[in-house]
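The values are calculated or read from the model by the stated rules, or taken from the named source; none is laboratory data. Model, not experiment: these values are computed from the prediction. Methodologically, a virtual Cβ is constructed for each residue, glycine included, from the backbone with ideal geometry; neighbour enumeration extends over all protein chains shown. These area figures cover heavy atoms from the full protein model, side chains too; ligands, DNA and RNA do not enter into them. Shrake-Rupley method; radii C 1.70, N 1.55, O 1.52, S 1.80 Å.
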Amino acid sequence: MSNTEFPDDELRQEQEFIDGLYARVDALRGDAETSVADALAQGNTPQQARLERDILVAERSGLLAALNAVDGSLCFGRIDLTSGVTHHIGRIGLRTDDAERTPVLIDWRADVARPFYLATGHTPMDLRRRRHIATDGRRVTHLHDEILDLGDETRTGHEDPTGDAVLLAALNSARTGRMGDIVQTIQADQDRIIRAPHRGVMVVEGGPGTGKTAVALHRAAYLLYEHRELLAKRAVLIVGPNPAFLGYIGEVLPSLGETGVLLATVGELFPGVKATATDTPEAAAVKGRAGMADVLAEAVRSRQALPDPVIAIEHDREVLMLDDGLVNMARERTRAAKLPHNAAREHFEGHILNALTDLYAERIGTDPFDGSSLLDPSDITQIRDDLAENPEVWAAVDQLWPLLTPQRLVADLLAAPEEFLPAEDADAVRRPVTRRWTVADVPLLDEAAELLGDDDRLARDRAERERRRQIAYAQGVLDVSYASRTYEFEDKEEDDPESSEVLSAHDIIDAERFAERHEEDDHRSAAERAAADRTWAFGHIIVDEAQELSPMAWRLLMRRSPTRSMTLVGDPAQTAEAAGVGSWSGILSPFVEDRWEHTRLGVNYRTPAEIMDVAAAVVRAEHPDFEPPSSVRSTGVRPWARATGDLPGAVAEAVGELTPAEGRLAVIAPRDLHRSLAARLDGVTAGAEPDLTQTVVLLDPRQAKGLEFDSVLVVEPGRYGTSDLYVALTRATQRLGVLHTGELPKPLAAALG
């Protein structure tokens, strides 16, 4: 009898399989929770046991995080091979508990799972059938089968003739304010990017809705799976355009079982500083120029001063004169070492002390009759040591070669930039000394840190004191061990061979080695350590909206990727920042010349054709050769535009009209209108970091980059540049409305009819 007569049997069998998976997951979760609790209950265990406990807690906590993240959507597919073998595909891999460790659920990133994404009727890759499994929590709701072996007449009653049902269901589903993973619907062109080798720079270009961000995130998950040992140590950095965007994508990687990735904006990449202030476009453009690296270098050199005209130092009733000749010689010798400013200070100190020693020795130790020296080397050494104790010497050194922090250097530069910048640029960036930083300041701080380096003598002294403390503690442990052994065997006969052959800790290890073995490890994750370390070298870096970053921001990122292992995603047509580089060659040529790979995503999965046609017409008015991505679907709903004399009232009315029964609505308006608009919208607030999980959110075009909503209301489009307007018009998955008080931009008016 044909299987078509029993379609529910297929659902029942898949439900039984899913139930078995979750029983296994629940058992794993219970074991992990128990082991973590047991380990933590050990309390103050001995040092080695505490280390092992902490490692266990970290490993099991990571397992718990992965299991909790994928709960409710564990398995999403199945592939049936022509050989009769069947594999279920899911977000993580699971194996049996026996010695064979047979795979029960195949991780979507494994090679054996790849036909699930790539197989077609023309190239079936040995597949007979591909099944998509839809679930609601732990309950199987639908099956969608694609028959790839057309010679196989077996049918299940769940066939999807087009093979697009799952993709279209995902595209038409209501938005939640958080990006979902696309692991169930990865397309072939996306899969090739996701699984590309991780070495070198890959550029993924794509217009709105092409899934480039989702592809980049899944690429991060794939690389962590494929190169676990390397990237677990070095971590993966994902750089986004703003905090709202990072919140929007923040659940994607955990849903794929990956929690050890650092997500940050450029404004968060200098430890201890978070950018909260805002620059004018003109200031951001000046600060972002590559030439600011030379400006900062000159600012550092200007702090390596000469005396004006001399510095008098009193020492032991003598007055020693440091003139510009002596100091310039010390300065040039120090600069010749090509060390960062703060690290070079020790050399400068040495040269100044030598010069002062020579002056003093000549003053007191020269024979008045023949000019010969009356001092031996030990006298010279004593003079130098005495000068090193003179506070006037150190005051002079501080004046001539001060220790600087990046914050102090950049703040001073921005407070008085006219010495280093042309008048127009100086006027753009000038501001009073402040503790608030902008995003454009952070690359300047990072550049300054490179130029300044660290005077690590204090850190070395602290480390040495701690090392000696550990050795003293270890020596005490060994002494106790030796005393115990002596007591244990003191009553044995002198000729007892056992007493002479038993070794103590004293016999095989000294206190210094013992202390080294028991140094406490840093149990933070690689991502946590990387966030606190400005000099961290990441295993791979992914940059979203890469076209928006300034040349100075790229200098910062390239320092964090010495291997140049990067994935850059973006769209030059959406470049809006005044400091943005815009072209891929402009971004990469200074660092890797032409050694980078470029690929383009040309299919728009987000924006319906009706909306995309309007957005494309706006860009074509300025760039006639512009080719937008092709939309895969049409809703039949045309965008609309209305003129109004009461903007807040019209916005409130339109929000009531557009707000979906399920999903999200974005009102995209110039920032200076947000407060008045929010006052008319219930539950809507104006702020720099909007809550995207709210039904209605208020954004400006820059905040909307990379985001998507069921419905979008664009307010006052005539005040946007072409790029910002293009971004605003392409955020909607279903409906788009436009409100304006003045004239519409002509291309937009023509496109809307």
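Here are the numbers for the structure shown:
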quantity: Solvent-accessible area per residue, Å², over segment 103-232 with all protein chains present [probe radius 1.4 Å]; calculated: 40
quantity: Rounded to 5, the percent of DSSP beta bridges in the chain classed as antiparallel; calculated: 35
quantity: Dipole of segment 338-457, positive end: most advanced residue of 356, 342, 428 [Cβ charges, Cα centre]; calculated: 428
quantity: Evaluated at q = 0.18, 0.28, 0.33 Å⁻¹: base-10 log I(q)/I(0), Debye formula over Cα of segment 384-423; calculated: -0.65, -0.92, -1.01
quantity: Heavy-atom accessible surface of segment 130-271: percent carbon and sulfur, 1.4 Å; calculated: 51
quantity: Cα centroid separation, segment 178-223 to segment 582-630 (Å); calculated: 16
quantity: Accessible surface, per residue, of segment 556-616 when the full set of protein chains is kept, probe 1.4 Å, Å²; calculated: 35
quantity: Charge dipole of the chain about the Cα centre (unit charges at C-beta), most positive-ward option of 74, 247, 703; calculated: 703
quantity: Assigned charges on the beta-carbon of Lys, Arg, Asp, Glu; the chain dipole about Cα centre (debye); calculated: 3260
quantity: Computed [θ] at 222 nm, helices only, for the chain once each DSSP H run of length n ≥ 4 contributes -39500 (n - 2.57); calculated: -13500 deg cm²/dmol
quantity: Cβ-Cβ FRET estimate between residue 176 and residue 634, R0 fixed at 25 Å, reported to 0.05; calculated: 0.60
quantity: More than 42 Å apart - percent of Cα-Cα pairs taken over the chain; calculated: 48
quantity: Carbon/sulfur fraction of accessible area - segment 274-407, other protein chains in place, 1.4 Å, %; calculated: 52
quantity: Neighbour cut-off at most 10 other Cβ (10 Å), DSSP loop, GluC sites (Glu not before Pro), segment 565-668; calculated: 593, 662
quantity: Residue-normalised accessible area of segment 661-738, expressed per residue, 1.4 Å probe, Å²; calculated: 35
quantity: Distant-in-sequence amide H partners of residue 315 (H built 1.01 Å from N, under 5 Å); calculated: 320
quantity: Relative contact order for segment 632-753, counting Cα pairs under 8 Å that sit 6 or more residues apart, in percent; calculated: 34
quantity: R0 of 60 Å, Cβ-Cβ distance residue 302-residue 102: FRET efficiency to nearest 0.05; calculated: 0.30
